[in-house]
Amino acid sequence: MRSDPIAGSLSERAYILIRHNILTGEFPLGAPLSRRKLAARFKMSFLPISEAVQRLESEGLVESRPRVGTRVRVPTPQDIRDCYIVREALETQAARLFCEKASSAERKELRQMTQRLEEMTQAPEAKATNPEFQFAVQSTHVAWHMRIAECAGCQPLSDLLEKNQVLIFNWFFDVAAGFRLAPGRHRALMETLAGNDPDAAALAMGAHIRAGLDEIQTSIGQRFENRLSSVTRISALRGQAVPPALPWRSRYDTHG
């Protein structure tokens, strides 16, 4: 039996709309997702909404739990850390290969993308609570990282980064934690990527990805009464002093 192409297109549209609202923070962590209310909000029938929610659940942005129902997923600190581990493994290799193999035209293109991203992070709107502008910033940010992988000359690596939605989850965590991209960070990384030292490029990318991990873990954990990140728990168990987490604005100022 053939599927209805109209129903399929409506399901895709519902998926895009709900996903957009999650990635802008309109539907924050833990927000209930009633299929009936979503259908009314987007003026659609129940079926495409239900299919869209199921797709988002399979991708990990939505979860269904007993006595809780369907809601925007609430990640644990370990979930966040696991995502960063996978992302670092993929992107450090992409950075190494980019440094080795990217053509002059590809390097020029990435420089242009870097300039655009830096301009966005320094725009007045970047310091305001403007979900649509932050959505545009994050879209550009994801495209920048994906372009590095695409220029690395290894299609399976690019496919893994995209299919595992590693960058989308990073976006999701950033929005949930109120995290902002600090000006200058991508320009500095670009200079290393455009150099002639693949090892330095890999190390720089790893440091770039790890920056802010503990802060994001702690911020999300505190919102859901889960106050110790996985890193903090390890330190506490060992009897080590744990430095207090800084709010994102403090980190933004420090790295600005």
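For region 5-72, a simple Cβ point-charge model (Lys and Arg +1, Asp and Glu -1, everything else neutral) yields a dipole of about 300 debye relative to the Cα centre. Take the convex hull of the alpha carbons in region 1-156; its mean projected area over all directions comes to 12.8 nm². Sites listed here are trypsin sites (Lys or Arg not before Pro) in region 14-52 whose DSSP assignment is loop and whose Cβ has at most 13 other Cβ atoms within 10 Å: Lys43. Here the dipole of region 152-197 is about 180 debye; that uses its Cα centre as origin and unit charges on the Cβ of Lys and Arg (positive) and Asp and Glu (negative). Rounded to the nearest 0.05, the FRET efficiency derived from the C-beta distance between Ala188 and Glu12 at R0 = 25 Å is 0.05.
A straight chain from Lys43 to Ala207 at 0.36 nm per residue would run longer than the Cα-Cα distance by 54.5 nm. Could you pull out every one of the aspartates and glutamates with an alpha carbon less than 16 Å from that of Lys108, ignoring same-chain neighbours closer than 8 positions? Straight-distance partners of Lys108: Glu100, Glu118, Glu150, Glu191. With all projection directions averaged, the alpha carbon convex hull of region 4-71 covers 4.3 nm².
The GluC sites (Glu not before Pro) of region 1-103 meeting both criteria, a DSSP state outside H, G, I, E and B (loop) and at most 16 other C-beta atoms within 10 angstrom of the site's C-beta, are Glu26. Using 0.36 nm per residue and subtracting the Cα-Cα separation, the extra length available between Ala123 and Ser64 on full extension is 17.4 nm.
Where a number appears in this text, it was derived from the coordinates with a stated rule and is not lab data. None of these values were measured; they are calculated from a predicted model. Note: ideal-geometry Cβ built from the backbone for every residue, glycine included; neighbour counts use all protein chains shown.
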